[in-house]
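Below is one structure, written out as structure tokens; the observations come after it.
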Amino acid sequence: MRTYLYDDTFTGFLTALALALERGGEDCALAPEKEAGERDLFSEYVNAGADPAGAAAMRELFERRGSPESWRHARYAFLSGAPGAGNAVLAYARLLLEKGAAADDMLADGRVKLVHGLSASVAGEAHMFKGFARFTELADGSLYARIEPDHDILRLITGHFRARLGGFNWVIHDARRNSAALYFGGRLIYAPLDSARLKEDAREAEVRDLWKHFFRTAAIKERANPALQRRNVPLKYRRNLTEFSPD
């Protein structure tokens, strides 16, 4: 068994995927470098590195043998960060090579079902966070939002906020992964972020209190439905939502 190890970048993963597909047979697997753990003495481990050209070829393969939707499913499944997601995408890619675009219609096939399921979970969470991100004003006038999603959705939601907040400087901080999207002067970059260095504007606490007061007073007590609210706004996301923060 040969296992291709990839770093935590999508380019690194696609490079490993390309190498595994080139090998052909079923006697290989993919694994994140950080999760390699204790290595089997009877297995061969290869660090895949990162080859942008090879990664681009993988996108072309998914779209040519499948469709742009096939590519999206593979990308989102990787972003799920679920255990075994890499090997799930590898199995899905092999099926696309064998069956072509018809593979995505094989919804009862475990390989398709798994990747489509991971993709749907990521897409659903990305959609929710377009409404769940709450911005506060920092001392320099820029806006800051802290999120803690289950999946690595940061790059999937920045286009939404760039279109709506293009006249502001802003930061969306994925605290779970210690990464951030920083939009300053019309330029968007992704980088690690230490939130301890961020200083909130003095007026922000007052604005936050006003928002919480509005949220409470606008609610109709007789129509309160906690069960529905928990489905629409899961408890695990509320720690970063102003209206649910303690007074």
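Applying the condition of being buried (at least 17 other Cβ atoms within 10 Å of the Cβ) and over 19 Å from the mean Cα position of the chain (by Cα) to the range 110-135 and asking which residue is farthest from GLY167 (Cα to Cα) yields ARG111. Pairing each residue of the range 42-59 that is closer than 20 Å to PRO32 by Cβ with any residue that is loosely packed, with under 14 Cβ neighbours inside 10 Å and among the charged types (D, E, K, R), provided the two are 6+ apart or on different chains, yields C-beta distances under 9 Å for TYR45/ARG39. Restricting GLU137, GLU98, GLU69 to those that are closer than 27 Å to TYR183 by Cα and among the acidic types (Asp, Glu) reduces the list to GLU137.
Of everything in the range 80-104 that's among the charged types (D, E, K, R) and more than 25 Å from the chain's Cα centre (by Cα), which residue is surrounded by the fewest Cβ atoms within 10 Å (Cβ to Cβ)? Among them, the one singled out is GLU98.
Count of the range 82-131 residues, restricted to those that are of a type in the set (Phe, Trp, Tyr), free of Cβ contacts under 8 Å to residues at least 24 places away in the same chain and over 14 Å from GLU69 (Cβ atoms), is 0. Answer yes or no as to whether ILE189 is β-branched (Val, Ile, Thr), loosely packed, with under 14 Cβ neighbours inside 10 Å and not in a loop (DSSP other than H, G, I, E, B). Taking the combined requirement at face value, the residue satisfies it. The test for being of a type in the set (A, V, I, L, M) and surrounded by 14 or more Cβ atoms within 10 Å (Cβ to Cβ) holds for ALA29.
With respect to the conditions (1) modelled with pLDDT of 90 or more; (2) small (Gly, Ala, Ser); (3) surrounded by fewer than 14 Cβ atoms within 10 Å (Cβ to Cβ), ALA18 falls short on a single one, namely (3). Out of all the residues in the range 56-68, is one or more surrounded by 13 or more Cβ atoms within 10 Å (Cβ to Cβ), assigned by TED's automatic domain parsing to the domain that holds SER121, under 25 Å from GLY124 (Cα atoms) and out of contact with any Leu (no Cβ under 9 Å at 6 or more places or on another chain)? Yes; the residues of the range 56-68 include at least one that is surrounded by 13 or more Cβ atoms within 10 Å (Cβ to Cβ), assigned by TED's automatic domain parsing to the domain that holds SER121, under 25 Å from GLY124 (Cα atoms) and out of contact with any Leu (no Cβ under 9 Å at 6 or more places or on another chain).
Every test in (1) of a type in the set (Lys, Arg); (2) at pLDDT 95 or above; (3) not in a helix (DSSP H, G or I) is passed by ARG155 save one, and that test is (3).
The values are calculated or read from the model by the stated rules, or taken from the named source; none is laboratory data. Every value quoted in this text rests on a predicted model; they were computed, and no experiment measured them. Cβ coordinates were reconstructed from backbone atoms using ideal geometry, including for glycine residues, and neighbour counts include every protein chain displayed.
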